[in-house]
């Protein structure tokens with residue numbers, strides 16, 4: 001593993017009206033790591049993903065990707081009076097990027113609820129993600145002068161499906177796939193944008209134990225094949241403990257623990273807040 005930071009979230013607070021959903025959160029992900037972000041339902045995990053990917057502008061704090069500032073904000077306007085987080089004067093820059101621009105930087109994500117294009121085939125779902133990286137200008141796209149580029153994207157889409165074991169269902173409607181394969185397709189679509197950082201939001205949701213075990217091997221495999229760094233939200237503790245290099249735990253939007261799996265698993269604060277009370281205390 002490298003000590004090179006791919007992602008740095010610095011003192012991020014996300015406040016909606018008077019509700020603080022994420023409270024002064026800092027985390028780092030190094031190149032090549034698989035890092036998990038865990039916590040009870042409603043802890044603010046997906047909100048963190050939404051901040052990193054530009055869906056939400058944080059109320060306060062900053063996000064760095066590959067050492068460069070990509071998102072920054074501080075309480076201003078009406079939020080100056082409403083702000084209930086820490087250190088409102090630490091950050092002075094306001095910078096935001098739309099989700100598509102963050103995708104082009106090399107950050108891709110999946111969603112807790114599968115968001116495939118229902119009327120499209122497996123192949124078309126991957127191809128449309130390839131179009132996110134299109135270099136053609138409006139003129140060439142309009143007048144179909146980019147045939148070579150379109151052919152290249154089609155070839156790359158098919159190659160990706162073959163690598164991920166989905167080529168045999170490429171012409172089937174995405175929604176006709178078994179649930180587990182729909183999850184894999186969503187990951188394939190994210191990989192089609194050629195990310196260096198992949199955010200997985202509960203990839204094992206709805207899977208049985210055997211499917212979860214297969215997913216564990218699949219995530220290890222794509223990390224190696226695509227030279228990925230992965231940040232994952234997950235509730236399946238076996239998957240989290242088996243696959244993670246490090247873990248961050250949040251509760252009510254605030255960091256309560258971090259470390260390697262064994263440290264987190266044995267942290268009494270985590271046991272009480274998330275993993276359940278230990279048998280000795282029952």
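The values are calculated or read from the model by the stated rules, or taken from the named source; none is laboratory data. Because the structure is predicted, anything quoted here is derived from the model rather than measured. Here the Cβ is made from the backbone with ideal geometry for all residues, glycine too, and neighbour counts use every protein chain on show.
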Discussion item. Which residue is surrounded by the most Cβ atoms within 10 Å (Cβ to Cβ), if the candidates are limited to the range 60-74 and must be in a loop (DSSP other than H, G, I, E, B) and at positive phi?
Written reply: 66
Worksheet entry | Selection count, the range 200-216, where residues are touching a residue at least 60 places away in the same chain (Cβ under 8 Å) and out of contact with any strand residue (DSSP E or B) (no Cβ under 6 Å at 6 or more places or on another chain) | 2
Worksheet, complete the sentence: Subset of the range 75-102, residues in contact with a helix residue (DSSP H, G or I) (Cβ under 9 Å, 6 or more places away or on another chain), part of a loop (DSSP other than H, G, I, E, B) and at pLDDT 95 or above, comes to 75, 97
Item to complete: Give the residues of the range 46-59 that are farther than 12 Å from residue 102 by Cα, in contact with a helix residue (DSSP H, G or I) (Cβ under 9 Å, 6 or more places away or on another chain) and buried (at least 21 other Cβ atoms within 10 Å of the Cβ), sorted by residue number.
Response: 58, 59
Worksheet entry | Among (1) more than 28 Å from residue 204 (Cβ to Cβ); (2) surrounded by 17 or more Cβ atoms within 10 Å (Cβ to Cβ) - the single one residue 31 does not satisfy | (1)
Worksheet item: How many residues are surrounded by fewer than 20 Cβ atoms within 10 Å (Cβ to Cβ) and under 18 Å from the mean Cα position of the chain (by Cα) if we restrict to the range 242-254?
Response: 2
Worksheet item: Would the range 2-19 turn up any residue that is closer than 16 Å to residue 63 by Cα and assigned to a loop (DSSP other than H, G, I, E, B)?
Response: yes
Worksheet item: Of all residues in the range 113-155, which are modelled with pLDDT of 85 or more, outside any loop (DSSP other than H, G, I, E, B) and surrounded by fewer than 14 Cβ atoms within 10 Å (Cβ to Cβ)?
Response: 151, 152, 155
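Let's see how each residue does on (1) outside the structural domain of residue 128 (by TED's automatic domain parsing); (2) over 18 Å from residue 52 (Cα atoms); (3) modelled with pLDDT of 95 or more; (4) out of contact with any helix residue (DSSP H, G or I) (no Cβ under 8 Å at 6 or more places or on another chain):
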residue	(1), (2), (3), (4)
185	no, yes, yes, no
190	no, no, yes, no
202	yes, no, yes, yes
206	yes, yes, no, no
214	yes, yes, no, no
222	yes, yes, yes, no
Fill in: Verdict on residue 55 being assigned by TED's automatic domain parsing to the domain that holds residue 18, closer than 23 Å to residue 38 by Cβ, in contact (Cβ under 8 Å) with a residue 12 or more places away in the chain and in a loop (DSSP other than H, G, I, E, B)
yes
Discussion item. One residue is enough: does the range 233-254 have a residue meeting the conditions farther than 23 Å from residue 121 by Cβ, free of Cβ contacts under 8 Å to residues at least 24 places away in the same chain and either assigned to a loop (DSSP other than H, G, I, E, B) or touching a helix residue (DSSP H, G or I) at 6+ places or on another chain (Cβ under 9 Å) (or both)?
Written reply: no
Worksheet item: Does the range 190-199 contain at least one residue that is touching a residue at least 12 places away in the same chain (Cβ under 8 Å), surrounded by 15 or more Cβ atoms within 10 Å (Cβ to Cβ), farther than 27 Å from residue 119 by Cα and touching a strand residue (DSSP E or B) at 6+ places or on another chain (Cβ under 6 Å)?
Response: yes
Fill in: Residue among 158, 185, 198 that alone is closer than 28 Å to residue 244 by Cα and assigned to a helix (DSSP H, G or I)
185
